[in-house]
1. Please name which of 29, 124, 103 has its Cα lying farthest along the dipole of region 19-162 towards the positive end, using unit charges on Cβ (Lys, Arg +1; Asp, Glu -1) and the Cα centre as origin.
2. What figure, in Å² to the nearest 10, do you get for the accessible area of residue 155 with a 1.4 Å probe and non-protein molecules left out?
3. Apply 1/(1 + (r/R0)^6) to the Cβ-Cβ distance of residue 149 and residue 18, taking R0 = 22 Å, and write down the FRET efficiency to the nearest 0.05.
4. Quick one: what are the phi-derived ³J(HN,Hα) couplings along region 24-32, Karplus 6.51/-1.76/1.60 with θ = phi - 60°, whole Hz, x for glycine and proline?
5. What is region 45-162's relative contact order, in percent, from Cα pairs under 8 angstrom and six or more apart in sequence?
6. For region 19-101, max minus min Cα coordinate along each principal axis, in Å, sorted largest first?
7. On a full-extension model of 0.36 nm per residue, what is the gain between residue 51 and residue 1, subtracting their alpha-carbon distance, rounded to one decimal in nm?
8. Near the amide H of residue 149, under 5 Å away, which other amide H atoms are found, from residues 5 or more places off or on another chain, if H is placed in the peptide plane?
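The values are calculated or read from the model by the stated rules, or taken from the named source; none is laboratory data. Every value quoted in this text rests on a predicted model; they were computed, and no experiment measured them. Note that each Cβ is placed from the backbone with ideal geometry, even for glycine, and that neighbours are counted across all protein chains shown. In case anyone asks, the SASA skips ligands and DNA or RNA and just uses the protein heavy atoms, side chains included. Shrake-Rupley method; radii C 1.70, N 1.55, O 1.52, S 1.80 Å.
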Amino acid sequence: MEKVLVSSCLVGNQVRYNASCLSIPEPDLNWLRSNLELVVFCPEVSAGLPTPRAPAEIIAGKGVDVLKGFSKVVGNDGIDVTTQFVAGAKNALELCLRLQIKYAVLAENSPSCGSSNIYDGTFSGTKVNGSGITATLLESSGIKVFSQHTRAQFRSMLDKQS
């Protein structure tokens, strides 16, 4: 059975910065569970960040800028957590490579997992086009990334391959 990396918070695990979770609607989650082997993972937790933790945003850049060393990830408490976010992204990639995972469904807007939108680094709630560190690293390594909002496109793509 094909494996897919799934953000831990999307399946109900309370691992987000504020110890909450997000969700994929139950029918879609049931379809994923029936048709794929879910590999549940949180980059931030894998890198040792606690739950709860200060909300963090990429300052003056996007995931690619952090990976190139041009931008940082900072919590709203002023603490630089770039090292942990990059380590979490590398942990996710290593897991995908080891398990031969070709797809990921990640939490949109996250500085780690956002695949098309992230927060702008001002802690004002403003979103900008761009992807987070984990999503960027996975995509650049050939792993196709989807979000909880593009899960229908993922399902359609898989259905066409069957």
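1. Towards the positive end, the residue furthest out is 103.
2. 90 Å²
3. On the way: r = 20 Å, r/R0 = 0.91.
Taking R0 as 22 Å, the efficiency between residue 149 and residue 18 is 0.65.
4. Calculated HN-Hα couplings, in order: 9, x, 3, x, 5, 5, 4, 5, 4 Hz.
5. Details: 227 pairs, mean separation 30.1, N = 118.
About 25 percent, as a whole number.
6. Projected onto the principal axes, the Cα atoms of region 19-101 cover 42, 28, 22 Å.
7. Details: separation 50, 0.36 × 50 = 18.00 nm, distance 3.18 nm.
Additional length available on full extension: 14.8 nm.
8. So residue 149 has HN proximity to 108.
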